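Enquirer: Quick one: structure below, then a few questions.
The values are calculated or read from the model by the stated rules, or taken from the named source; none is laboratory data. Since the model is a prediction, treat every value here as computed from it, not as a measurement. In case anyone asks, the SASA skips ligands and DNA or RNA and just uses the protein heavy atoms, side chains included. Shrake-Rupley method; radii C 1.70, N 1.55, O 1.52, S 1.80 Å.
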Amino acid sequence: MTVTKESVVERLKTVNGPDFTGNIVDLGMVSEIFIADSKVFFSITVPAARAQELEPLRAAAERAVKAIPGVASAVVALTAEKKGGGMEAPVPARPAAPRPAAPPPAPQRPAPHAPASQSHGRRGVPGIDAIIAVASGKGGVGKSTTAVNLALGLAANGLKVGVLDADIYGPSMPRLLNIHGRPQTVDGKVLKPMQNYGLKVMSMGFLVDEETPMIWRGPMVMSALTQMLREVEWGPLDVLVVDMPPGTGDAQLTMAQQVPLAGAVIVSTPQDLALIDARKGLNMFKKVDVPLLGIVENMSYFLAPDTGKRYDIFGHGGARREAERLGVTFLGEVPLEMGIRESSDAGTPVVASKPEGAEAKIYRDIASKVWERVQEERGAAEAAVPSIVFE
């Protein structure tokens, strides 16, 4: 059954807007709708300040569209950026509730986990020349797909590369790299990393079943990360790519404070709301003195496979503008491409499965820029070390 824009619009009219003021279509909140291969793409414009609160609205719209006969899947994003499709209009804000008088400020105390100097206490991992963190301020921006294709791009450029899946709660590397089974040990103490596509890989997904929920608290997460980093036979590697969990929690602080990271790559989509969260990740790495290697704009644009027409479904250029504003390197734009998603789901990442394709070239170019930035940061660090001259 063919899915039409009209049928999607009619179904979306059943989704109430914020505060039950009408439906999201009549309120002008829905962007231009694009349909390809029975997959529906659109975004919903909301005030940035209410993004977290209105996430259930996004989920309701997604469920409504998925229920349409013939729809295979739906990709729905919240955005504060207007798309020019003619449907967007300001969302009425709720009247502000009166605020109680603020209590007197409590005396400030130093952060309990912040070391006196962020550079102290970081110990390298034997056999690994450089460690790069790939992070995002929020989930759903394609960080893991970017991390694995970045790793493959670095390997394609002649480096020895490993991947550490640091997302304890939602490990994705076993599926992305089509690796199954349990890792073996060396003398019953150190784990041997799993391997595929020329990458050495370690993930919590190799140690527990895919459907086993992880309910660990902070100290257990930090202990597991430390073991997967330091009790694995990684070397020799030129670079270890660490796929960080989304956000700015225990895992990020553990890596930033305990490991001499060569730098961090931030992944974001173009829309304003994703960039708000990306800034949090950037600021966290700045505060712990980790070099910012650059920003990748994922899902940057969509090229229709039948006409070649370009659609900026989630806006475009937001990450580039943010990089320029912050003085951070813009590493590149990755399109919203069916082949990237399908190859990732199949465990055959596009850099490995279609190395001569346009998408693989994008990732290889990003990998080259990342490695260039690593060398620049190393040169700057070496230049900053004072030399002792004996006369």
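Enquirer: My understanding is that a pair violates if its Cα-Cα distance is over 29 Å; which of K189/K286; K39/K286; K66/K369; K160/K280; K160/K354; K5/K309 do that in this structure? Could you put the intermediate results ahead of the total?
Expert: Details: K189/K286 35 Å; K39/K286 39 Å; K66/K369 39 Å; K160/K280 31 Å; K160/K354 20 Å; K5/K309 17 Å.
Violating the 29 Å limit, Cα to Cα: K189/K286; K39/K286; K66/K369; K160/K280.
Enquirer: Suppose all protein chains stay in the model; what accessible area per residue would a 1.4 Å probe give for segment 313-357, in Å²? All intermediate terms of the calculation are to be shown ahead of the outcome.
Expert: Numbers: 1940 Å² over 45 residues.
Heavy-atom accessible area per residue stands at 43 Å².
Enquirer: Moving on to the next point. Taking the Cα centroid of segment 330-359 and of segment 132-181, what is the distance between the two, rounded to the nearest whole Å?
Expert: Cα centres, segment 330-359 to segment 132-181: 13 Å.
Enquirer: I would also like to ask the following. Which three numbers, in whole Å and largest first, are the semi-axes of the equivalent ellipsoid of segment 134-207 derived from its Cα gyration tensor as √(5λ)?
Expert: Details: eigenvalues 88, 54, 19 Å².
Each semi-axis is the square root of five times an eigenvalue, giving 21, 16, 10 Å.
Enquirer: Would you work out the Kirkwood radius for segment 293-381? I mean one over the mean of 1/r across all pairs of different Cα atoms, in Å.
Expert: Values: mean 1/r = 0.0697 Å⁻¹.
Mean inverse Cα-Cα distance, inverted, gives 14.3 Å.
Enquirer: Order E322, E53, E382, most accessible first, counting only protein heavy atoms with a 1.4 angstrom probe.
Expert: Working: E322 10, E53 80, E382 135 Å².
Largest accessible area first, the list is E382, E53, E322.
Enquirer: Could you sort T348, T269 by their accessible area in this structure, using a 1.4 Å probe and putting the largest first?
Expert: Working: T348 50, T269 5 Å².
Of T348, T269, the descending order of accessible area is T348, T269.
Enquirer: Excluding ligands and nucleic acids, what accessible area in Å² is computed for D345 using a 1.4 Å probe, to the nearest 10?
Expert: We get 90 Å² for D345.
Enquirer: Would you list Y197, Y301, Y169 from the most to the least accessible area, probe 1.4 Å?
Expert: Working: Y197 80, Y301 40, Y169 125 Å².
Putting Y197, Y301, Y169 in descending order of accessible area: Y169, Y197, Y301.
Enquirer: I would also like to ask the following. Would you check the accessible area of D187, probe 1.4 Å, heavy atoms only, in square angstrom rounded to 10?
Expert: 140
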